[in-house]
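Trainee: Dropping the structure in here first, questions after.
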Amino acid sequence: MSDREPMRLGRILYTNVWPVYHGFDPSSLSFPSTTQTEVPAVLNRLLLEGKLDMSPVSSFAYATASNDFLLLPDLSVSADGPVQSILCFSRKPFAEAVHGRIALTNTSATSVNLLKIIAEKAYGAKPEYMTCEPNVEDMLDQADVALLIGDHAIRADWTNTEYIVTDLGAEWKNWTGKSMTFAVWTVSVEAAKRYSDEIGELAAAFAASKRQSMEDMTPVAIQAQQQVGGELSYWQGYFANLNYDLTPERLEGLNLYFQYVWEMGLLPQQAEIRIWSDNTRIRVNE
């Protein structure tokens, strides 16, 4: 590694990725690395601009340039139903409110486009969209629906006393019968060539950290309570509700999401899912 730059890693700012990172120590890797922690929208941009080598990103960001990227195996942030942190707030019932003006968060592309799919395909709506900073009161001063994600959504839900809350993970599951994958761990094809051995070590380190968290989620929940607030029981339920695998079931739901965003003209081409493996490593080095 002496003749190479440190591998540039990204990390999503939100708590939903913590089970993958709780036991992960970049300093224990055999190669140097740097880590940049940001909201998904920023990580999406940095990865697509070639300023990161590997990062968890919004599923939609991967789809926009899937020919240039690979997914790390068995890693995702998914939900088979309610996700509890991709939430729409409205004064009217959601099925009615989506026919008006929708204020979108500016922090994630996957959730924004999931809402567009549900509004337009499931409810036949033709809403007006606007993009806002993630503040539910300000958003609903201007719109009929406010979409918040991650810790912004969680905090808004905790303090909510007047708005109807709609979980987009539940909406997707009820409509399609599929799970929804919101984020994936993505490595550029170029980085897979340049750091072929190191990617395998990195994937193994993430897998070990995730396995440790799955065996006992209490330390992760305690950390979330200490840093974000809320009750310990909330965080235990929150993390237990999420899926961090990338099984055929997750891929089936993800492919359906990619199909819909392509049909709606939100993607320039259909996305192709490719997963890094030792066999991939051999191919990219040929």
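The values are calculated or read from the model by the stated rules, or taken from the named source; none is laboratory data. Because the structure is predicted, anything quoted here is derived from the model rather than measured. Heads up, the Cβs are rebuilt from the backbone with ideal geometry, glycines too, and the neighbour counts pull from every protein chain shown.
Trainee: Between ALA103, ALA170, which is of a type in the set (Gly, Ala, Ser) and either buried (at least 24 other Cβ atoms within 10 Å of the Cβ) or touching a His at 6+ places or on another chain (Cβ under 7 Å) (or both)? Before you say what the answer is, go through the steps one by one.
Mentor: Details: ALA170 fails: either buried (at least 24 other Cβ atoms within 10 Å of the Cβ) or touching a His at 6+ places or on another chain (Cβ under 7 Å) (or both).
Step by step, each of ALA103, ALA170 is checked, and only ALA103 is of a type in the set (Gly, Ala, Ser) and either buried (at least 24 other Cβ atoms within 10 Å of the Cβ) or touching a His at 6+ places or on another chain (Cβ under 7 Å) (or both).
Trainee: Could you give every pair whose Cβ atoms fall below 6 Å, whose first residue belongs to segment 42-69 and is in contact (Cβ under 8 Å) with a residue 24 or more places away in the chain, and whose second residue is aromatic (Phe, Trp, Tyr) and not in a helix (DSSP H, G or I), counting only separations of at least 6 or pairs across chains?
Mentor: PRO56/TRP185; TYR62/PHE69
Trainee: Does segment 49-66 contain at least one residue that is at pLDDT below 95, part of a strand (DSSP E or B) and more than 15 Å from PHE182 (Cβ to Cβ)?
Mentor: No, there is no match, as no residue in segment 49-66 is at pLDDT below 95, part of a strand (DSSP E or B) and more than 15 Å from PHE182 (Cβ to Cβ).
Here is a yes/no grid of residues against (1) aliphatic (A, V, I, L, M); (2) under 16 Å from LYS210 (Cβ atoms); (3) surrounded by 18 or more Cβ atoms within 10 Å (Cβ to Cβ):
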site: GLU5; (1), (2), (3): no, no, no
site: ARG11; (1), (2), (3): no, yes, yes
site: ASN16; (1), (2), (3): no, yes, yes
site: TYR21; (1), (2), (3): no, yes, yes
site: PRO26; (1), (2), (3): no, yes, no
site: THR35; (1), (2), (3): no, no, no
site: VAL39; (1), (2), (3): yes, no, yes
site: ASN44; (1), (2), (3): no, no, yes
site: LEU47; (1), (2), (3): yes, no, yes
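Trainee: Scan segment 251-258 and tell me whether some residue there is out of contact with any Asp or Glu (no Cβ under 9 Å at 6 or more places or on another chain), part of a helix (DSSP H, G or I), within 30 Å of ASN113 (Cβ to Cβ) and at pLDDT below 95.
Mentor: no
Rundown of residues vs (1) closer than 21 Å to PRO40 by Cα; (2) of a type in the set (A, V, I, L, M); (3) touching a Phe, Trp or Tyr at 6+ places or on another chain (Cβ under 7 Å), yes/no style:
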residue	(1), (2), (3)
VAL189	yes, yes, yes
LYS193	no, no, no
ALA204	no, yes, no
VAL220	yes, yes, yes
GLN227	yes, no, no
ILE273	yes, yes, no
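Trainee: Among the residues of segment 1-21, count how many are over 17 Å from the mean Cα position of the chain (by Cα) and either within 20 Å of SER188 (Cα to Cα) or assigned by TED's automatic domain parsing to the domain that holds ILE222 (or both).
Mentor: Qualifying residue count, segment 1-21: 7.
Trainee: Next question. Looking at segment 7-48, which of its residues are in a strand (DSSP E or B) and either of a type in the set (D, E, K, R) or under 20 Å from ASN106 (Cβ atoms) (or both)?
Mentor: ARG8, GLY10, ARG11, ILE12, GLN36, THR37, GLU38
Trainee: Moving on to the next point. For segment 161-195: of the residues being touching a Cys at 6+ places or on another chain (Cβ under 9 Å) and among the aliphatic types (A, V, I, L, M), which is farthest from ASP144 (Cα to Cα)?
Mentor: LEU168
Trainee: Test of understanding: among ASP151, ASP53, which residue is buried (at least 19 other Cβ atoms within 10 Å of the Cβ) and assigned by TED's automatic domain parsing to the domain that holds ALA203?
Mentor: On inspection, the qualifying residue turns out to be ASP53.
Trainee: Would segment 266-276 turn up any residue that is closer than 30 Å to PRO32 by Cα, touching a residue at least 24 places away in the same chain (Cβ under 8 Å) and either touching an Asp or Glu at 6+ places or on another chain (Cβ under 8 Å) or surrounded by 18 or more Cβ atoms within 10 Å (Cβ to Cβ) (or both)?
Mentor: Kept after step one, since they are closer than 30 Å to PRO32 by Cα, are these residues of segment 266-276: 273-276.
This time we only want the ones that are touching a residue at least 24 places away in the same chain (Cβ under 8 Å), so: 273-276.
Checking which are either touching an Asp or Glu at 6+ places or on another chain (Cβ under 8 Å) or surrounded by 18 or more Cβ atoms within 10 Å (Cβ to Cβ) (or both) leaves us with 276.
The answer is yes, given that some residue of segment 266-276 is closer than 30 Å to PRO32 by Cα, touching a residue at least 24 places away in the same chain (Cβ under 8 Å) and either touching an Asp or Glu at 6+ places or on another chain (Cβ under 8 Å) or surrounded by 18 or more Cβ atoms within 10 Å (Cβ to Cβ) (or both).
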